[in-house]
1. Take the residues in the range A:115-125 that are outside any helix (DSSP H, G or I) and in contact with a helix residue (DSSP H, G or I) (Cβ under 6 Å, 6 or more places away or on another chain), then tell me which one is surrounded by the fewest Cβ atoms within 10 Å (Cβ to Cβ).
2. Taking the condition within 7 Å of chain A (Cβ to nearest Cβ), at pLDDT 90 or above and in a helix (DSSP H, G or I), does B:Phe25 pass?
3. Is one or more of the residues making up the range A:48-70 more than 7 Å from every other protein chain (Cβ to nearest Cβ), of a type in the set (Val, Ile, Thr) and under 27 Å from A:Tyr276 (Cα atoms)?
4. Can you tell which of B:Val17, B:Val33 is over 60 Å from the mean Cα position of the chain (by Cα), more than 7 Å from chain A (Cβ to nearest Cβ), surrounded by 11 or more Cβ atoms within 10 Å (Cβ to Cβ) and among the aliphatic types (A, V, I, L, M)?
5. Return yes when A:Gly161 is outside any helix (DSSP H, G or I) and at pLDDT below 90 and no when it is not.
6. Would you call A:Val148 closer than 30 Å to A:Leu217 by Cα, within 11 Å of another protein chain (Cβ to nearest Cβ) and either in contact (Cβ under 8 Å) with a residue 12 or more places away in the chain or among the aromatic types (Phe, Trp, Tyr) (or both)?
7. For the range A:103-114, check the following and say yes or no: at least one residue is surrounded by 21 or more Cβ atoms within 10 Å (Cβ to Cβ) and facing chain B (nearest Cβ under 9 Å).
8. Is there any pair with a first residue in the range A:182-206 that is within 14 Å of chain B (Cβ to nearest Cβ) and a second that is in a helix (DSSP H, G or I) and among the small types (Gly, Ala, Ser) whose Cβ atoms are under 7 Å apart and which are 6 or more apart or on different chains, and what are they?
Amino acid sequence: MSEAVSHAAGASPVEYIQHHLTNLHVGDGVASLDLDTLFFGWLLAAALVWLSFLVGRQLTAGTPGRLQNLLEAMVEFVDQQVKDIFPGRNPLVGPLALTIFMWVFLMNAMDLIPVDLLPLTARALGIHHLRVVPTTDLGTTFGLALSVFALIVYYNIKVKGPGGYLAMFLFHPFGKFLVPVNILMTAIEEVAKPVSLALRLFGNMFAGELLFMLIALLAFAGYPLLLQGLEGHLGALVKAGVLELSQVLLASLWSIFHILVITLQAFIFMLLSIVYLGLAHADDH
Amino acid sequence: MNLSLYTLLGQIITFGVLVWFIKRFLWGPLLGVLEERRTRIADGLAAAERGQREQKLAQERATEVLHEAKQRAGEIIARAERRATEILEEAKAEAQAEGERLLNSARAEIEREVSKVKEDLRGQVVQLAVRGAAQVLEREVDEQAHDQLLNRLAAEL
């Protein structure tokens, strides 16, 4: 809340939120680069790489260590999902799904860090804009979704052949008498896959982050009261205390609930990627 | 909130590299290890089962051997008992025969003694009779004349 407080002295709630929703970026418009998103994406990717390295160094078929146990559980869990959903065999789908799950989960989990902590720290270091949750950036969610989409197209062509893929657009779902409608329908169906993947994750995480900010805004109401209280106004002090308490309570509740959301969203992204890639491998589409 | 192209590209590249790394250094080795462990556990279970089967077989054989040993012990005891009875019977028979023999010889001895005593008594009676008769008939009886008669009398006793 402290950043909110310091903002409150000079900024309105709207400015506070707008400030929080601005990436640390270079360039403008579409041709820009969000440094914070990229930084935290890399940081978490590096954490995964480091974790893999740590476990991979002393991998044993005997009694596994705690870390190996954890990763084994995750790998087996994802492997089971792939086996259940994905028809046939593809050595890429398992690691792809695991990567999506772990990376997205970690990026989502950045949301659980108190909403002002990292931006404030960054400000102390001279960086004035910072968004810490990479999955609230369309660049990340579309990056993942388009990667999956590229694989969908690739495997569609590889399995069905270019002709088969084209036929899918021409004759699906209404047979050969409604070719133009078929093209439109199938195109929408295919494009909807990455778009829904990206927007679902983005929407959930963006809304979650926004809610954390709104809860932090209680401090805006509390700050003037606190000032009055410090000048000897007892009733205002009590009101400020109540506001602060409700902020803590709400933030705690939302954080706990959000643990479910971030896990679920990572899981859904993984699961749908497997499903879509499975559809791309199905011959009788 | 607007989409920035370079972020998109950057995250795609990051994602690609991360997938490659996880496939190469985590997924592959870990599944290999899991497979190896599965094999080990399967081997262990098979070995345990084999051991159990062998133990069961060994137990069966032990029971068999024990049974056989019991049977043989029974046979040996029976034979020993039979032999003991035989020995006892033999000893009994021998003792009986020996007793009989002793009895017989004792009887013969007694008989011999009796006849010897009888002989002696006869002789003495004869002498007594002769002496009595001689005293009674001192005068009238001629020892030589009646000797034959007295001997006949002695033989009748």
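1. Within the range A:115-125, the first condition is being outside any helix (DSSP H, G or I), and the residues that meet it are A:115-116, A:125.
Narrowing further to those that are in contact with a helix residue (DSSP H, G or I) (Cβ under 6 Å, 6 or more places away or on another chain): A:115-116.
Values: A:Val115: 24, A:Asp116: 22.
Ranking the candidates gives A:Asp116 first.
2. Answer is no for this residue.
3. no
4. After applying the criteria, what remains is B:Val17.
5. no
6. Judged against the criteria, A:Val148 is not a match.
7. yes
8. Correct list of pairs: A:Pro194/A:Ala145; A:Leu197/A:Ala145; A:Ala198/A:Ala145.
The values are calculated or read from the model by the stated rules, or taken from the named source; none is laboratory data. Being a predicted model, the structure only gives us computed values, none of them experimental. Here Cβ is always computed from backbone atoms with ideal geometry, including for glycine, and neighbour counts include all displayed protein chains.
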